[in-house]
Amino acid sequence: MKQYTFQDYKKGQPRWCPGCGDHFFLASLHKAMAELGVPPYQTAVISGIGCSSRLPYYMNTYAMQTIHGRAAAIATGAKVVNPALAVWQISGDGDGLAIGGNHFIHAMRRNIDLNMILLNNRIYGLTKGQYSPTSPRGFVSKSSPYGTVEDPFRPAELCFGARGRFFARSVANDGPETVEILKAAYQHKGASVCEILQHCVIFNNGAYDPIYTKEGRKKNAIYVRHGEKLVFGENNEYGLMQEGFGLKVVKIGENGVTLDDILVHDAHCEDNTLQLKLAMMDNEHGYPIALGVIRDVEAPTYDVCVNEQIDEVKAKKSYHCFEELLETNDIWEVKE
Amino acid sequence: MSKQPIVKELEQVVVRFSGDSGDGMQLAGNIFSTVSATVGNSISTFPDYPADIRAPQGSLTGVSGFQVHIGAEKVYTPGDQCDVLVAMNAAALKTQYRYAKPQATIIIDTDAFGPNDLKKAQFDSDDYLLEMGIDPDRVVACPITKMVKEVLTPLGTLDNKSMLKCRNMFALGIVCWLFNRDVALVENFLKEKFVKKPQLAEANIKVVNAGYDYGANTHASVPATYRIETKHKVPGRYMDITGNKATVYGLIAAAEKAGLKLYLGSYPITPATDILHELSKHKSCGAITVQCEDEISGCASAVGAAFAGALAVTSTSGPGLCLKSEAINLAVIDELPLVVIDVQRGGPSTGLPTKSEQTDLLQALYGRNGESPMPVIAATSPTNCFESAYMACKMALEHLTPVVLLTDAFIANGSAAWRLPSLGDLSEIHPHYAPDEQKYKYTPYKRDTASHVRYWAIPGQEGFEHILGGLEKDGETGAISTEPENHNKMVKERYAKIQAIPVPDVEVEGDKDDAELLIVGFGSTYGHLYSAMEELRKKGHKVALAQFQYINPLPRNTQEVLMKYPKVVVAEQNLGQFRAYLRIRINGFSPYKFNQVKGQPFQIHELVQAFEEILK
């Protein structure tokens, strides 16, 4: 089998603004693809509209940049027709959750095997700076000069609400972690959402400042690993415990808390209650932001089931082509 | 017993079955048409049903009708007005009588004309015949409900509700007697239909026979019974097929011929839903059907399926076509094969969901942003839906373009006898694939210089990796381009590609050499316009008909045909969309017009009258 390098997936010179999170993410995607080793000709990258949706132009694979919000629907058609293709769907927060919200939730619900990347910079960049469905309440932008008076979507909550079975999160400039979650998303059979947190350097710089550096992530984020204790901090001195209906941050060694009291992450747990709690943690409420694979639960996938059903019906029915189909009708003969 | 009534020979007859939506009128009509077709008569059927699924029983809004036209010679329409009207209740008589000829025979179930029924049907008195001005001598008044119960109660196998569901078969029995139809053929049909429910088969067969005997024993107060002989038989094997079913069969045949997977992305919408239903049944032929989350996804997923190498189709009706426009346009600029089926209905907006119009023509031609040329094909009859769907697929695959197939509620739900084709008889389909020589050199927008068609490379092939996008691209490299000259060139290339598609010449029927008046129509009005032409010719007028199936590109002989005759009328079920389109394309063309937008098929006598005015 041919060994691929990231160069095999690379094409062209990206035209995003210097410092844009899209540059970081693209490099991670090339790297993840090379490590997975799926040939470029067996890979399709399909996007909608927006800055991040330019990404397919920098892929040496089969690719489509389509229309605003419809990438998930278009990717669905491609995948169901050819389940052997590795299909990556690239959307931003506006493309995926505003105009394309319906397709996003239904792709989740159907559990079609798409690797759905949500590049979340909480702003419309390409149209030069309007608030998006993930901008926080009160966000000031060109279309909300006095601040928004609406609450944002939280992608994880939407994904879980639509019965999503894979959700992972990474910060765009955190290359190693991004590569890991992308590989996990590919290996997960079914709809997998990777939320990539990133700055728009022009219109929303600093949206994720507390976790945009390695040092910041040590303090303000937690890397979740299936089967491992949920600990974080510069020396892993903090951990997460269950308290009542929620989670709480504790310092190990204080108030009688030992490592044994700390929750072990279970990404494979069918019940998503605690996974959702992890995904919803934010700095404003004194929690670290969860990064890594938060939920990863296997289930039958739509693309496989559709094609299996065809095989089952073929085995059951006596007609398999046009002329045999005709014979299933009430036919009469008119003679000379 | 009185003496046997005489048997008269008829050229053709129209029977309309009407009753509550749940009265099984469609089944009765289907059986009658199939049995007639079996003996070689020509048939054409049309269901006329309300938008409500089950309106209150006996109410005026809940009446559904099913009209059957059978003839010794070819019949082209389900007929204007009926010779026999079956009215299973008072509401049916009230609403359907207007579809009956003045001398029509009326068959009614007198048990469904009680005080309560009459009130629901908004009759003012209990002498409903007088109120409607119906001559009682023309009415076969039969206590159908009572007689059905008498027949079925001794069997002891059905409850009251199930017994009442057999009333339609009693009416059918009377009609069979009236037209000398062999009840054994009906029995065969019922045995097959209820093969898994022998009790129902038995009950229905008993009731049909009871209806037949009732007619025979009482002579049902009619002066004669009738026979429709068959002339000019075209030998072959036939089936009864609706337009929607024929459309699906065309798709299946085309996919098989092209050697491609068939993909349908769709969302339920009247009157197109039967396409999704029908194709979903035939997974054993390899068809993939996805009921999408919305109309947009129906089309968008089909674009994705086309990219991945399938014969991709999306089906809808007018409001759904609006929603699909943007994704269709992606297929236009990406130059991907896609078949868009629009089963037109009354509009605008939700309009008349179960009724028929030709009002989406300009939307199909022009309803997208930018210069967005696209082939449009309009099927001319229920059976022609097969050929039109097949040719739409062929055109899409060979010319890498989305194609709109226009049908409408009238031909989609109407049926006719269809002579079974064999796959070998159908024209070859050669998708415009990228040849092997292009490996490692492929760019997606290099074209065949004669046809202007680009080459199709399917994901999974090494050395053909490429990107398609909604942005304008350079014709040579496929890279994004905003160069003014390149855009100008690409717009013209896309236009030239569509105009270069070969389509057959439009045929002129009737007095093609010396017609005083050329009737011009498109799509589903063919049967009515043809019948009107024949009427006029019988009256001594010189008239011809040119019915267009290929709308874009227009047939090469269009100008020659349209400019040849002293007078031309364009007749269509909209306010003149085809006429306007022809006037854009044909310099100096200024025809008469005939437009009706009632949600109902044309009436032949109205056409004849209007055309005679023009001929004066």
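A few points about this structure:
- Residues of region B:334-352 that are closer than 14 Å to B:LEU321 by Cα and touching a strand residue (DSSP E or B) at 6+ places or on another chain (Cβ under 8 Å): B:LEU338, B:VAL339, B:VAL340, B:ILE341, B:ASP342, B:VAL343, B:GLN344, B:ARG345, B:GLY346.
Quick grid of which residues meet (1) in contact (Cβ under 8 Å) with a residue 24 or more places away in the chain; (2) part of a loop (DSSP other than H, G, I, E, B); (3) aromatic (Phe, Trp, Tyr); (4) under 21 Å from B:GLU335 (Cβ atoms):
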position	(1), (2), (3), (4)
B:LYS497	yes, no, no, yes
B:GLU509	yes, no, no, no
B:GLY527	yes, no, no, no
B:SER531	yes, no, no, no
B:GLY540	no, yes, no, no
B:ALA544	yes, no, no, no
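- Close pairs from region B:309-327: first part of a helix (DSSP H, G or I), partner hydrophobic (A, V, I, L, M, F, W, C), Cβ under 6 Å, at least 6 apart: B:GLY320/B:ILE269; B:LEU323/B:ILE296; B:LYS324/B:CYS299; B:GLU326/A:ILE67; B:ALA327/B:CYS299; B:ALA327/B:ALA300; B:ALA327/B:VAL303
A quick yes/no check of all residues on (1) acidic (Asp, Glu); (2) touching an Asp or Glu at 6+ places or on another chain (Cβ under 9 Å); (3) in the same structural domain as B:GLN603 (by TED's automatic domain parsing); (4) within 18 Å of B:ASP20 (Cα to Cα):
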site	(1), (2), (3), (4)
B:ALA104	no, yes, no, no
B:ASP124	yes, yes, no, no
B:GLU131	yes, yes, no, no
B:ASP135	yes, no, no, no
B:GLU150	yes, no, no, no
B:VAL175	no, no, no, no
B:ASP182	yes, no, no, no
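- For region B:344-363, the criterion of being within 14 Å of another protein chain (Cβ to nearest Cβ), of a type outside the set (A, V, I, L, M) and crowded, with 24+ Cβ neighbours inside 10 Å is met by none of the residues.
- Test: residue in region A:134-143 that is closer than 19 Å to A:MET280 by Cα, assigned to a loop (DSSP other than H, G, I, E, B) and over 21 Å from the mean Cα position of the chain (by Cα): yes
- Screening A:MET33 against (1) over 28 Å from B:GLY298 (Cα atoms); (2) surrounded by 22 or more Cβ atoms within 10 Å (Cβ to Cβ); (3) among the hydrophobic types (A, V, I, L, M, F, W, C); (4) in contact with an Asp or Glu (Cβ under 6 Å, 6 or more places away or on another chain) leaves a single unmet condition, (4).
- Matching entry among A:ALA71, A:ALA44 (being of a type outside the set (S, T, N, Q), within 9 Å of chain B (Cβ to nearest Cβ) and in contact with a Gly (Cβ under 7 Å, 6 or more places away or on another chain)): A:ALA71
- Selection count, region B:564-616, where residues are within 23 Å of B:PRO373 (Cα to Cα) and of a type in the set (Ser, Thr, Tyr): 1
- Residue in region B:295-309 that is at the interface with another protein chain (Cβ under 8 Å from one of its Cβ atoms) and farther than 30 Å from B:GLY475 by Cβ present: yes
- Residue count for region B:97-153, restricted to those that are outside any helix (DSSP H, G or I) and either of a type outside the set (Lys, Arg) or more than 24 Å from B:ASP48 (Cβ to Cβ) (or both): 26.
A quick yes/no check of all residues on (1) more than 30 Å from B:LEU545 (Cβ to Cβ); (2) assigned to a helix (DSSP H, G or I); (3) not acidic (Asp, Glu):
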site: B:ILE411; (1), (2), (3): no, yes, yes
site: B:HIS430; (1), (2), (3): yes, no, yes
site: B:HIS452; (1), (2), (3): yes, no, yes
site: B:GLY478; (1), (2), (3): yes, no, yes
site: B:PRO504; (1), (2), (3): no, no, yes
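- Selected residue (criterion: surrounded by the most Cβ atoms within 10 Å (Cβ to Cβ)) from residues of region B:443-458 that are closer than 22 Å to B:GLY304 by Cβ and out of contact with any Gly (no Cβ under 7 Å at 6 or more places or on another chain): B:ARG454
- Test result for B:CYS299, part of a helix (DSSP H, G or I), assigned by TED's automatic domain parsing to the domain that holds B:MET391 and crowded, with 21+ Cβ neighbours inside 10 Å: yes
- Members of region B:234-274 found to be more than 21 Å from B:GLY298 (Cβ to Cβ), assigned to a helix (DSSP H, G or I) and within 9 Å of chain A (Cβ to nearest Cβ), listed by number: B:ALA253, B:GLU256, B:LYS257
- Across region B:436-450, the qualifying residues are those that are free of Cβ contacts under 8 Å to residues at least 24 places away in the same chain and part of a loop (DSSP other than H, G, I, E, B), and the one among them that is nearest to the chain's Cα centre (by Cα) is B:ASP448.
- Residue within region B:48-65 that is within 14 Å of another protein chain (Cβ to nearest Cβ) and under 25 Å from B:VAL183 (Cβ atoms) present: no
The values are calculated or read from the model by the stated rules, or taken from the named source; none is laboratory data. Note that the structure is a prediction, hence the values are computed from the model and not measured. A quick note on method: Cβ atoms are made from the backbone with ideal geometry, for glycine too, and the neighbour counts reach across all protein chains shown.
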